[in-house]
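The values are calculated or read from the model by the stated rules, or taken from the named source; none is laboratory data. None of the values given here were measured: they were computed from a predicted structure. Here the Cβ is made from the backbone with ideal geometry for all residues, glycine too, and neighbour counts use every protein chain on show.
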Amino acid sequence: MADPLAALATQLRNIETKTGKTLGQLREVIAQSGLVKHGEVRSMLMERFALGHGDANTLAHAAKAEAPAAGGDDPLDAIYAGAKAGLRPLHDALMAQIDTLGTFEVAPKKTYLSLRRKKQFAMVGPATKEQIEVGLNAKSLPPHARLKALPPGGMCQYAVRLSSATEIDAALLAWIRAAYDASA
């Protein structure tokens, strides 16, 4: 499985290179700005350092929560906590299959993982305490009873819910492959 913490550390190193400032210096810039709201901090970082939305968003989160930026706990521990803890083995089995597709970045979010190449191709996270949801960015997938088309304008065009590892089958992997290939 791709290591979410390693992906985050790489992204933060790249941000340091882009801005010419260390993470500590960037935290100081944010603190001195007096901005508190996440969106305002993100916008300031985009404007001041010419960062893209994703990098500015990650930096705004890292500035607030020093532990993940400094190599704190596994973000999956928080995503799959409490009643959703039983879904972690299913998540790990799914990610093991997705890892076989090739190189991609894992960007941990608060409630899911964003899987990206040049753009996001999938989102993986718990939908309920009994199901994981896989969001897919693919223009056109053939209709299927398991595949739910989502309304236009969202982060994904399709979603699939999984309750067991037996549902990680050829059909699901083909849909994920289509989204992966389209994100190059």
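Within the stretch 15-29, no residue that is of a type in the set (S, T, N, Q) sits with its Cβ atom under 7 Å from a residue that is not in a helix (DSSP H, G or I) at 6+ positions apart or across chains. Number of residues in the stretch 163-184 that are under 17 Å from the mean Cα position of the chain (by Cα), at pLDDT 95 or above and of a type in the set (S, T, N, Q): the value is 0. For the stretch 102-127, residues that are touching a residue at least 40 places away in the same chain (Cβ under 8 Å) and either outside any strand (DSSP E or B) or not assigned by TED's automatic domain parsing to the domain that holds residue 156 (or both) total 5. Scanning the stretch 103-143 for residues that are out of contact with any strand residue (DSSP E or B) (no Cβ under 9 Å at 6 or more places or on another chain), modelled with pLDDT of 90 or more and over 18 Å from residue 79 (Cβ atoms) gives 103, 118, 119, 142.
Has the stretch 88-100 got any residue that is of a type in the set (Ser, Thr, Tyr), closer than 26 Å to residue 9 by Cα and in contact with a Gly (Cβ under 9 Å, 6 or more places away or on another chain)? No, that holds for no residue.
I'd like to verify a number: residues in the stretch 162-184 that are of a type in the set (D, E, K, R) and more than 18 Å from residue 121 (Cβ to Cβ), how many?
2
If we scan the stretch 148-162, do we find a residue that is in a helix (DSSP H, G or I) and over 20 Å from the mean Cα position of the chain (by Cα)?
So the first thing to find is which residues in the stretch 148-162 are in a helix (DSSP H, G or I), and the list is none.
No, that holds for no residue.
Has the stretch 71-85 got any residue that is small (Gly, Ala, Ser), more than 23 Å from residue 36 (Cα to Cα), surrounded by 14 or more Cβ atoms within 10 Å (Cβ to Cβ) and modelled with pLDDT of 90 or more? No, because not a single residue in the stretch 71-85 is small (Gly, Ala, Ser), more than 23 Å from residue 36 (Cα to Cα), surrounded by 14 or more Cβ atoms within 10 Å (Cβ to Cβ) and modelled with pLDDT of 90 or more.
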